[in-house]
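To keep things clear, I will list the structure first and then write my remarks on it.
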Amino acid sequence: MAIASLFVLELPPTIWVFGFDYYNPWSGVQHATFHLLDAIIIILNFVFMFLQGPAQEIGELLILLRIWRLVKLLGGVATGVENLNHDLQLKLDN
């Protein structure tokens with residue numbers, strides 16, 4: 001519950017610093033769709049934590065969505081590192 005609370009507390013400063021365009025998929029901000037999806041999952045997860053029964057089980061499924069997002073993020077980082085490594089290798093070969 002503490003970690004979910006920290007994620008919820010992170011949302012207002014993010015809106016204050018970056019503005020609503022940070023979450024608007026049509027604003028031209030890179031990855032704004034993922035930021036919006038993360039915000040929706042964070043809020044729903046926080047709400048479902050206080051419910052009981054089947055609704056609480058839905059909240060647990062939302063945690064799986066956050067883990068899936070983390071896996072996609074790590075995959076993107078790995079691809080970026082691989083591309084950077086390839087570019088550096090080409091420079092060293094020349």
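The values are calculated or read from the model by the stated rules, or taken from the named source; none is laboratory data. For clarity, every value in this text was computed on a predicted model and none was experimentally measured. With ideal geometry, Cβ positions are generated from the backbone for all residues, glycine too; neighbour counts draw on all protein chains shown. SASA here: full protein model, heavy atoms, side chains in, ligands and nucleic acids out. Shrake-Rupley method; radii C 1.70, N 1.55, O 1.52, S 1.80 Å.
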Within region 48-67, the count of residues that are open to solvent by 80 Å² or more (accessible area, probe 1.4 Å) and not aliphatic (A, V, I, L, M) comes to 5
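Out of region 1-58, which residues are acidic (Asp, Glu), modelled with pLDDT of 85 or more and under 13 Å from the mean Cα position of the chain (by Cα)?
At the first step, the residues of region 1-58 found to be acidic (Asp, Glu) are 10, 21, 38, 57.
When the remaining residues are screened for being modelled with pLDDT of 85 or more, the result is 10, 21.
The one that is acidic (Asp, Glu), modelled with pLDDT of 85 or more and under 13 Å from the mean Cα position of the chain (by Cα): GLU10.
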- Being in contact with an Asp or Glu (Cβ under 7 Å, 6 or more places away or on another chain) and either surrounded by 10 or more Cβ atoms within 10 Å (Cβ to Cβ) or in a helix (DSSP H, G or I) (or both), is that true of even one residue in region 81-91? no
PHE48: passes all of (1) over 14 Å from ALA4 (Cβ atoms); (2) of a type outside the set (S, T, N, Q); (3) touching a Gly at 6+ places or on another chain (Cβ under 6 Å) but (1)
The lone condition LEU70 fails out of (1) closer than 18 Å to MET1 by Cα; (2) loosely packed, with under 12 Cβ neighbours inside 10 Å is (1)
Counting only residues in region 29-43 that are out of contact with any helix residue (DSSP H, G or I) (no Cβ under 7 Å at 6 or more places or on another chain) and in a loop (DSSP other than H, G, I, E, B), the one surrounded by the fewest Cβ atoms within 10 Å (Cβ to Cβ) is identified as GLN30
Here the residues within region 15-28 that are loosely packed, with under 15 Cβ neighbours inside 10 Å and on the phi < 0 side of the Ramachandran plot are ILE15, TRP16, VAL17, PHE18, PHE20, ASP21, ASN24, PRO25, TRP26, SER27
Inside region 1-28, the number of residues satisfying the requirement of being closer than 18 Å to LEU73 by Cβ and part of a loop (DSSP other than H, G, I, E, B) is 1
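Can you pull out the residues in region 64-87 that are within 12 Å of the chain's Cα centre (by Cα) and hydroxyl-bearing (Ser, Thr, Tyr)?
To start, the set of residues in region 64-87 that are within 12 Å of the chain's Cα centre (by Cα) comprises 65-74.
Within region 64-87, no residue meets the criteria.
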